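Visitor: Below: one structure in structure tokens.
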Amino acid sequence: MSETTTAETPPEKPPGTMISRKEGGIGWMIYDQQAKYNAVTYDMRRAIPGIMADFEADDDVRVVVIAGAGEKAFISGSDISQFGAKRSSEDARKLYDEASAQANAAMAAFSKPMIAMIHGYCLGAGVLTAMLCDFRIAADNAKFGAPPAKLGLGFGYGGVDDLVNLVGPAYAAEMLFTGSRYGAEDALRMGLVNRVVAYADLEDTVRDIAGIIAANAPLTLKSVKTSIRNTQLDESGRDMADVQAQIDACFASDDYKEGQAAFMEKRAPEFKGR
């Protein structure tokens, strides 16, 4: 009697993934769901806090670049196909929103410099993600937009506040009321991005900038980022004791001595972050 076997069907792989890698002082966090222009899924959001914690704990990572995989998009928004399953009930929506909030909080609290490297579509959640970075470099093929009004979605106050702080209330109103898409030069004019470069030059440009940052003194970078964050708070909410403590730590560090020595010896400094 012969015996027959049937192969088990492998479990279906969830759509989308987050790629994390480290290269020469630069951490890379890459959104990868190319079939949907890197639309962000629930599981992708859940992966972000762990990636950011790993970068935070690694002293060799001095700066982080946020990017989208492939040639067509940075992030095209949230994966709306999941909304039926993930946001159909009050409890499901709460879990989804908690994952989003935790991902955003992890990026917002990150103490090291973050650069958004933007190409192709940067829509909705893509704009929100880019705004969590310290600054944004865009390719000339980038397309920006905030389309919740076209979808009937609520747009969280935090995102509105970030957009108003970055581009001003009039441009924020235009973007959110119309849901229109804007080219890279429009985004530059609005102040949404710092600079626009040819798509072919985007990665090299970002690598060059990130490399310059990675070579600088980590304690100084941290203190400056803390100071910049505090400037965006109401005066009553600023933690000036923390700001001053971080500035004092720079002057008390071995890196301060190294910076002076390197200057006098006309050589590049070798900062250790201590």
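Visitor: Once the other residues with Cβ under 9 Å from the Cβ of Leu221 are scored (Lys, Arg +1; Asp, Glu -1), what is the net sum?
Guide: Working: positive: Arg62, Lys112, Lys222, Lys225; negative: none.
Spelling it out: positives minus negatives among the neighbours equals +4.
Visitor: Quick one: which residues, 5 or more positions from Lys143 or on another chain, have an amide H under 5 Å from its amide H? H modelled 1.01 Å from N in the peptide plane, none for Pro or chain starts.
Guide: Sorted by chain and number, the residues that satisfy this are Gly120, Tyr121, Cys122.
Visitor: If I take every Cα pair under 8 Å that is 6 or more residues apart in the chain, average their sequence separation and divide by the length, what percent do I get for the relative contact order? Don't skip to the answer; put the middle values down first.
Guide: On the way: 450 pairs, mean separation 40.5, N = 274.
Contact order relative to length: 15 percent.
Visitor: Straight-line reach from Lys143: which lysines have Cα under 24 Å away, leaving out those fewer than 8 places along the same chain?
Guide: Filter leaves Lys36, Lys72.
Visitor: Using label points projected 7 Å from each Cα along Cα→Cβ, tell me how many nm separate Glu258 and Gln232, to one decimal.
Guide: About 2.9 nm separates the two model spin labels.
Visitor: Give me the lysines in straight-line cross-link reach of Lys112: C-alpha distance below 19 Å, same-chain residues under 8 apart excluded.
Guide: Answer for Lys112, where 19 Å is the Cα cut-off: Lys22, Lys222, Lys225, Lys272, listed by chain and number.
Visitor: Taking springs between alpha-carbon atoms closer than 10 angstrom, which of Ile48, Ile115, Ile213 fluctuates most in the Gaussian network model of the chain?
Guide: Comparing Ile48, Ile115, Ile213 in the GNM, the peak value goes to Ile213.
Visitor: Still on this model: Can you pull out the trypsin sites (Lys or Arg not before Pro) in region 189-239 that DSSP calls coil and that have at most 11 other Cβ atoms within 10 Å?
Guide: Sites meeting the loop and neighbour criteria: none at all.
Visitor: Could you order the peptides 127-133, 49-55 from most to least packed, using the average number of other C-beta atoms within 10 Å per residue? Walk me through the intermediate numbers first.
Guide: Values: 127-133: 22.9, 49-55: 17.6.
Order by mean packing, descending: 127-133, 49-55.
Visitor: Right, here's the next one. Please list 3J(HN,Hα) in residue order for region 213-227, calculated via the Karplus relation 6.51 cos²θ - 1.76 cosθ + 1.60 where θ = phi - 60°; whole Hz, with x for glycine and proline.
Guide: Each residue of region 213-227 in turn: 5, 4, 7, 7, 6, x, 5, 5, 4, 5, 5, 5, 4, 4, 5 Hz.
Visitor: Working out 0.36 nm times the residue gap between Lys272 and Ala53, then minus their Cα-Cα distance, what length gain in nm do you get to one decimal? Mind dumping the intermediate values first?
Guide: Values: separation 219, 0.36 × 219 = 78.84 nm, distance 1.98 nm.
Extra length available between Lys272 and Ala53 comes to 76.9 nm.
Visitor: Further question: For region 262-274, what does the Karplus curve 6.51 cos²θ - 1.76 cosθ + 1.60, with θ = phi - 60°, yield as ³J(HN,Hα) per residue in whole Hz, taken in order and with x for Gly and Pro?
Guide: 5, 5, 5, 8, 6, 9, 6, x, 10, 7, 10, x, 8
Visitor: Same structure again: Over the chain, with a Gaussian network built from C-alpha contacts below 10 Å, which listed residue (Ser81, Ser100, Ser180) shows the highest mean-square fluctuation?
Guide: Result for the chain, Cα springs under 10 Å: Ser81 fluctuates most.
Visitor: Once phi is turned into ³J(HN,Hα) by the Karplus curve 6.51 cos²θ - 1.76 cosθ + 1.60 with θ = phi - 60°, what whole-Hz value does each residue of region 46-58 show in order, with x for glycine and proline?
Guide: Going residue by residue, I get 5, 7, 5, x, x, 5, 5, 5, 5, 5, 4, 7, 8 Hz, with x marking Gly and Pro.
Visitor: Taking H as built 1.01 Å from N, whose amide H comes closer than 5 Å to the amide H of Val197, not counting residues under 5 places away?
Guide: For Val197, the qualifying residues are Ala138, Ala139, Asp140.
Visitor: Related question: Rank Ala47, Ala39, Ala210 by mean-square fluctuation in a GNM of the chain with C-alpha springs under 10 angstrom and give only the top-ranked residue.
Guide: Comparing Ala47, Ala39, Ala210 in a Gaussian network model of the chain, the most mobile one is Ala47.
Visitor: What distance in nm separates the simple spin-label points at Asp242 and Thr17, each placed 7 Å from Cα in the Cβ direction?
Guide: In this crude spin-label approximation the distance works out to 3.5 nm.
Visitor: Putting +1 on Lys and Arg Cβ atoms and -1 on Asp and Glu Cβ atoms, find which of Tyr171, Met190, Leu153 reaches farthest to the positive end of the dipole of region 138-219.
Guide: Leu153
Taken together, the values in this text are just the output of simple stated rules run on the coordinates, not laboratory data. This one's a predicted model, so the numbers in the text were calculated from it and none came from an experiment. All Cβ positions, glycine included, derive from the backbone under ideal geometry; neighbour counts span all protein chains shown.
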